[in-house]
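Derivation of every value follows stated rules applied to the coordinates shown; laboratory data play no part. Everything quoted here is computed from the prediction, not taken from an experiment. Backbone-built Cβ (ideal geometry, glycine too); neighbour counts: all protein chains shown.
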Amino acid sequence: MAKVSNRLRWSDVTPKSDYLNRRDLIAGAGAVAVGAIAGPAMAAKLDHTKSAYSTDAQPNTFEQITNYNNFYEFGTGKDDPAKHAHRLTTKPWSVEIGGLVDKPGNYDLDDLLNGIALEERIYRFRCVEAWSMVIPWIGFELKALLDKVGVNPSAKYVSFETLVRPDEMVGQNYPLLDWPYVEGLRLDEAMHPLTIMATGLYGEEMPNQNGAPIRLVVPWKYGFKSIKSVVKIELTESEPPATWNIQNPREYGFYSNVNPKVDHPRWSQATERVIGQGLLARRRPTLMFNGYADEVADLYAGMDLTTNY
Amino acid sequence: MTLTDKINRTARKVPSWPIYVAGTLPLLWLVFLLFTGGLGVDPVKSLEHRLGEIGLQFLVASLAVTPLCRYARLNLIKFRRAIGLLAFYYVLLHVLVWLLLDMQLIWSEILKDLYKRPYIFIGMVGFLALIPLALTSNDYSIKKMGAAAWRKLHKLAYLAGIAGALHYMMLVKAWPIEPILYCAAVAALLLIRAEWSLQRRLAAAAQAAQ
């Protein structure tokens with residue numbers, strides 16, 4: 001009970017004037033949206049705007065995106081998450097934000113999202129297993145969140161942690177990975193406008209198997225960096241641990257940027273199979289930084305990407 | 001009459017062709033799933049993996065025939081050829097799906113994978129080991145080669161079993177349970193044989209010493 005009463009609200013970290021202004025905006029937006037939210041799925045619909053960061057590529061279908069997942073918390077099969085993730089309860093949900101921030105605390109997700117404008121970001125998604133999809137995420141820039149809690153100047157990295165709840169996440173009953181799943185980004189990567197926290201896809205709330213209710217999406221890195229069902233975000237001075245890097249440091253580096261020239265020790269990363277294109281679809285060459293080189297190559301200027309894989 | 005006796009008696013009466021028929025059912029099921037969307041979002045990978053796994057299952061089954069005969073007195077040796085050939089057919093289809101649908105005959109990538117990726121190399125070793133076995137799995141070959149030479153050649157099945165299980169183990173991420181089970185099964189079936197071989201040698205040495 002003490003935990004609940006100590007919980008910070010977004011009203012605690014948002015300047016009062018912004019807070020009041022936003023109420024007007026939301027009231028206005030609500031009036032506009034009323035006509036649009038009829039229908040059976042209205043509870044799950046998310047209001048959002050389009051983004052210039054979206055690709056023109058044709059997104060995979062909802063069916064494909066929600067039935068082909070690597071989410072070992074629910075099993076290692078690609079269809080295991082679709083089968084087992086319904087057990088996960090995502091309400092209520094809180095995210096602990098700590099480390100080198102001005103306003104650490106255990107934030108209720110609804111409060112965290114309150115007033116944050118959602119965008120649709122249609123991103124290419126490249127798995128380290130050499131397959132790819134195009135996914136219409138709904139989310140917001142991680143930077144917006146970090147700015148709200150205030151990042152201390154000494155912070156250099158951001159670490160993330162997934163929920164551990166073995167009775168709902170059946171895969172966690174086996175020591176497949178070192179639970180909880182953890183990931184990390186350098187602060188400049190985290191603050192990059194392409195880096196988002198996603199709360200939905202296809203205009204609706206995030207399906208459980210895709211990392212509900214809130215997950216990271218870093219489109220120029222291999223999919224496993226985009227940690228799901230996040231319960232903890234911490235700003236740190238030193239490089240945080242990352243689950244697959246711990247599991248096999250030779251195969252999975254901290255950066256894990258999509259790079260067709262640096263192969264996985266056990267398979268080539270030069271090409272990818274695009275999911276959903278049928279039996280006879282051609283493999284496609286994988287692009288440097290998954291096609292986001294213009295936006296992110298500067299982050300790694302002067303770095304040897306063969307050793308910093 | 002024990003259950004084993006009943007099975008052995010029935011086995012003597014049953015010809016081996018129904019094994020081929022039954023062994024084709026998983027393939028027909030896969031083809032059905034393929035054309036009805038039942039193989040999921042990534043049908044190529046699914047088909048490739050399932051064919052490989054069924055091949056490995058038949059391979060393990062063929063390696064289990066002799067130990068079953070010696071320990072459980074369960075005599076299924078007349079079906080071993082059919083089981084082994086089915087293993088070969090499924091592995092062949094697995095390799096063809098890899099070459100045609102997965103790698104799409106991009107030979108530069110295929111050749112690079114073969115020498116750079118130990119799991120692909122080891123898988124290929126297993127497949128190549130099965131080819132002479134499939135070619136000599138007929139009465140004519142046994143007669144022509146002589147039983148001793150034929151038996152010696154067919155020890156390649158051990159290599160194929162090891163290669164198949166390792167190939168599976170090496171391609172997965174982390175340590176899921178299925179490939180571990182196949183590795184354990186192959187290891188157990190080969191250790192049993194190593195033990196027999198040791199006993200034979202000890203017995204021979206004892207006899208020579210007398």
Theoretical FRET efficiency, 1/(1+(r/R0)^6), r = Cβ-Cβ of B:I131 and B:A174, R0 30 Å, to 0.05: 0.40
The Kirkwood hydrodynamic radius of segment A:117-169, taken as the inverse of the mean 1/r over all distinct Cα pairs, in Å, comes to 14.6
Simple SL model, points at 7 angstrom along Cα→Cβ for B:A22 and B:A72; separation in nm is 1.2
Compute the signed sum of charges (Lys and Arg +1, Asp and Glu -1) over the other residues within less than 11 Å, Cβ to Cβ, of B:L74. +2
Simple spin-label model, 7 Å along Cα-to-Cβ: A:D79 to A:E237 in nm? 5.1
Which whole number gives the average, over all residues in B:116-125, of C-beta atoms from other chains lying within 10 Å of the residue C-beta? 2
For peptide A:266-273, how many partner chain Cβ atoms fall within 10 Å of a residue's Cβ, on average? 5
16 Å cut-off, amide nitrogen to a point 7 angstrom out along B:L105 Cα→Cβ, residues in segment A:275-309: A:280-283
What does the C-alpha gyration tensor say about the overall shape of segment B:1-156? Classify as rounded when a/c is under 1.5, otherwise prolate if a/b is larger than b/c, or oblate. oblate
Relative to the longest principal axis of the C-alpha atoms of chain B, give the angle of the C-alpha long axis of helix B:80-97, reported between 0 and 90° and rounded to the nearest 10°. 20
Cross-link partners among lysines for B:K143, C-alpha distance below 20 Å, same-chain residues fewer than 8 apart left out? B:K78, B:K152, B:K155
Anchor A:K148: lysines whose Cα lies under 28 Å away (excluding residues fewer than 8 positions away in-chain): A:K3, A:K16, A:K45, A:K50, A:K91, A:K103, A:K156, A:K221, A:K225, A:K228, A:K232
Run the reach check for B:K112 against lysines, Cα to Cα strictly under 22 Å, same-chain hits fewer than 8 apart removed. What comes back? A:K261, B:K45, B:K173
Globularity index of the protein assembly as shown, i.e. its alpha-carbon radius of gyration over 2.2 N^0.38 Å: 1.20
What's the ranking of B:191-199, A:62-70, A:130-138, B:164-172 by average number of surrounding C-beta atoms within 10 Å, highest first? A:130-138, B:164-172, A:62-70, B:191-199
Label model pair A:N152, B:L202: point-to-point distance (7 angstrom along the Cα→beta-carbon line) in nm is 6.8
Three-way shape label, segment B:72-195, alpha-carbon gyration tensor, a/c 1.5: oblate
Around A:L146, what is the net charge, scoring Lys/Arg as +1 and Asp/Glu as -1 over all other residues with Cβ under 12 Å from its Cβ? -3
Chain A - convex hull of alpha carbons, volume per residue in Å³: 154
Work through the residues other than A:T49 whose Cβ is under 12 Å from its Cβ and net out their charges, Lys, Arg +1 and Asp, Glu -1. -1
Sites B:H49 and A:L299 - FRET efficiency at Förster radius 30 Å, r taken between beta-carbons, to 0.05: 0.25
